[in-house]
């Protein structure tokens, strides 16, 4: 399967997914690299929404200490955990 060229927005999103916080990067980097492009468009939009959140919130959600109020974020975090697994 040939990989398509990333759009400018996708390149920015991939760059933004590199948070610089090890606890987040061990989830986001493999998820973006290995799974993002295979997601349906609605879930790709959820990833975009997730990447706009603040690191402390993301860390709390990814580690399972808290749950976001937004159902889209709840869904995409579940997808992330299913695809990347516990670290």
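The values are calculated or read from the model by the stated rules, or taken from the named source; none is laboratory data. The shown structure was predicted, so the numbers you read here are calculated from the model rather than taken from an experiment. Backbone-built Cβ (ideal geometry, glycine too); neighbour counts: all protein chains shown.
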Residue in the range 70-84 that is surrounded by 11 or more Cβ atoms within 10 Å (Cβ to Cβ), modelled with pLDDT of 95 or more and part of a loop (DSSP other than H, G, I, E, B) present: yes
Within the range 38-54, tally of residues that are in a helix (DSSP H, G or I) and surrounded by 13 or more Cβ atoms within 10 Å (Cβ to Cβ): 9
